[in-house]
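The structure under discussion appears below in the form of structure tokens.
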Amino acid sequence: MDDPSLISALDALKRVDRYRTRRVLEGPQGPHVLVDGRRCIAFASNDYLGLANSAELSRVAALVIDSIGVGAGASHLLSGHHVLHQIAEHDLAKHVGMPDALLFSSGYMANIGVVTSLLARDDAIFADKLNHASLIDAALLSRAKHHRYRHGDLGHLEDLLRRSKARKKMVVTDAVFSMDGDIAPVPDLLRLAQRYDAWLYLDDAHGIGVLGHEGRGVLEHFGLLSQARNYPKLVYMATLGKAIGASGAFVAGSPELMAWLVNKARTYIYTTAMPPMLAAVVSASLNIVSRESWRRERLASHARRLRDACATIGLGLMASETAIQPLMLGSDSATMDASNKLMRRGVYVPAIRNPTVPLGTARLRISLSAGHEDQDIDELITALQDI
Ligand SMILES: *Cc1c(COP(=O)(O)O)cnc(C)c1O
């Protein structure tokens, strides 16, 4: 029977416009999707380079499935670790300029596994207030003292670092903030981490593939590839389900760190290895990502087109130079209303509400893709203007 306390709790969510439901996609992910039976232009995915439905990647996946099937069949420490995983890890480390890398089945699991295996009760985490939910959960699960600094506020961070007596410290941040689109001040964060002998954990879920001339991510963007490589306490993490167009995640850093994670990261050890087919897709995708810089140029040109038009019609987008271009509306109900109106016009832009973002900062999260045409951006602009 239904639990009345759940029913009333769900009703409470509905009353404050924070009740969530899923829209159903048919056909491929892409700039034009069939969702809830309706065709629309979508600004709603993290498929920033338009690779999720790439014919080249689909061919790689089909070839691998033909020869070795779908499932990994076991965890990495049993018999699930395939040479294709090994190759992808090598390719990923090379792509981001780090000594070594390790695949995880998802970004959520990578964050939980790394943070909880490196830190414990007497240690301290210094986290940007707008970090992704998985980093917050990782910090809580680690039982380390959880200091949260004001978004991007280096003075606040340094103050907390200076006062901390913890033996082991770790600064943790999204490299590109997932619901804001702005980029963390990574050069300053690295300097602070070095000064206080702290670990620096960078979650580049929205930077890999998108930032840097060759899509190597936030370290390339800031010209930090060699500096980062030489700081053994730098941990770079990125996901493979966004611009890379596949699924899963990886962590990159020193070989000793990877060995530690293989031995200690519970979300690495106690789970089935990702299908080797996906690892092969990741290797192939990295090749496209570094070779086809037109995808990043196109993305940047779409962002300029949207920002220029919004400035002209007086719509204040949040400051962002990435594929994520949020329009802050403030209230949950106004944002839901705007998102629904856009949907009725065949334009899919999700409403982002609390608790994903702080109360009173609900927003439309417009996400752009190299798969979009100029005309798609123009239709978005017209629709925004009309509502
Ligand atoms: C998407 C995301 C994750 C989670 O990655 P998954 O592979 O989807 O589990 C982690 N961190 C950030 C910043 C993200 O945006």
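The values are calculated or read from the model by the stated rules, or taken from the named source; none is laboratory data. Note that the structure is predicted; figures quoted are calculated from it, not measured. Neighbour counts are summed over all protein chains in view; Cβ atoms, including those assigned to glycine, are modelled from backbone coordinates with ideal geometry. Each accessible area value is taken on the protein alone, full model and side chains, heavy atoms only, with ligands, DNA and RNA left out. Shrake-Rupley method; radii C 1.70, N 1.55, O 1.52, S 1.80 Å.
Details
- Count - residues of the stretch 80-102 that are open to solvent by 50 Å² or more (accessible area, probe 1.4 Å) and either touching a strand residue (DSSP E or B) at 6+ places or on another chain (Cβ under 6 Å) or of a type in the set (K, R) (or both): 1
- Options L154, L192: the member that is touching a helix residue (DSSP H, G or I) at 6+ places or on another chain (Cβ under 8 Å), more than 20 Å from S290 (Cβ to Cβ) and open to solvent by 30 Å² or more (accessible area, probe 1.4 Å): L154
- Exclusive hit being in contact with a helix residue (DSSP H, G or I) (Cβ under 8 Å, 6 or more places away or on another chain) and of a type in the set (K, R), set R305, R298: R305
- Residue within the stretch 358-380 that is modelled with pLDDT under 95, among the polar types (S, T, N, Q) and open to solvent by 50 Å² or more (accessible area, probe 1.4 Å) present: no
- Residue that is nearest to the chain's Cα centre (by Cα) [pool: residues in the stretch 1-29 that are on the phi < 0 side of the Ramachandran plot and in contact (Cβ under 8 Å) with a residue 12 or more places away in the chain]: Q29
- Verdict on L10 being over 21 Å from A334 (Cα atoms), modelled with pLDDT of 95 or more and either of a type in the set (A, V, I, L, M, F, W, C) or not in a loop (DSSP other than H, G, I, E, B) (or both): no
- Cβ pairs under 7 Å, 6+ apart, first in the stretch 320-334 and open to solvent by less than 10 Å² (accessible area, probe 1.4 Å), second part of a loop (DSSP other than H, G, I, E, B) and β-branched (V, I, T): T322/V210; A323/V210
- Considering only residues in the stretch 18-69 that are touching a Lys or Arg at 6+ places or on another chain (Cβ under 6 Å) and under 26 Å from L286 (Cα atoms), the one that is least open to solvent (accessible area, probe 1.4 Å) turns out to be L49.
- Any hit, the stretch 269-277, residues being assigned to a helix (DSSP H, G or I), touching a residue at least 40 places away in the same chain (Cβ under 8 Å) and open to solvent by 10 Å² or more (accessible area, probe 1.4 Å): yes
- Cβ pairs under 8 Å, 6+ apart, first in the stretch 138-155 and at positive phi, second among the charged types (D, E, K, R) and open to solvent by less than 50 Å² (accessible area, probe 1.4 Å): G152/D128; G152/D182
- Boolean, S105 is open to solvent by less than 50 Å² (accessible area, probe 1.4 Å) and within 15 Å of the ligand (Cβ to nearest atom): yes
- M98 meets each of the listed conditions (1) more than 16 Å from Y236 (Cβ to Cβ); (2) away from the ligand (no atom under 16 Å from the Cβ); (3) assigned to a loop (DSSP other than H, G, I, E, B) apart from (1).
- Among the residues of the stretch 230-255, the ones that are open to solvent by 10 Å² or more (accessible area, probe 1.4 Å), more than 13 Å from the ligand (Cβ to nearest atom) and in contact with a strand residue (DSSP E or B) (Cβ under 9 Å, 6 or more places away or on another chain) come to 5 in all.
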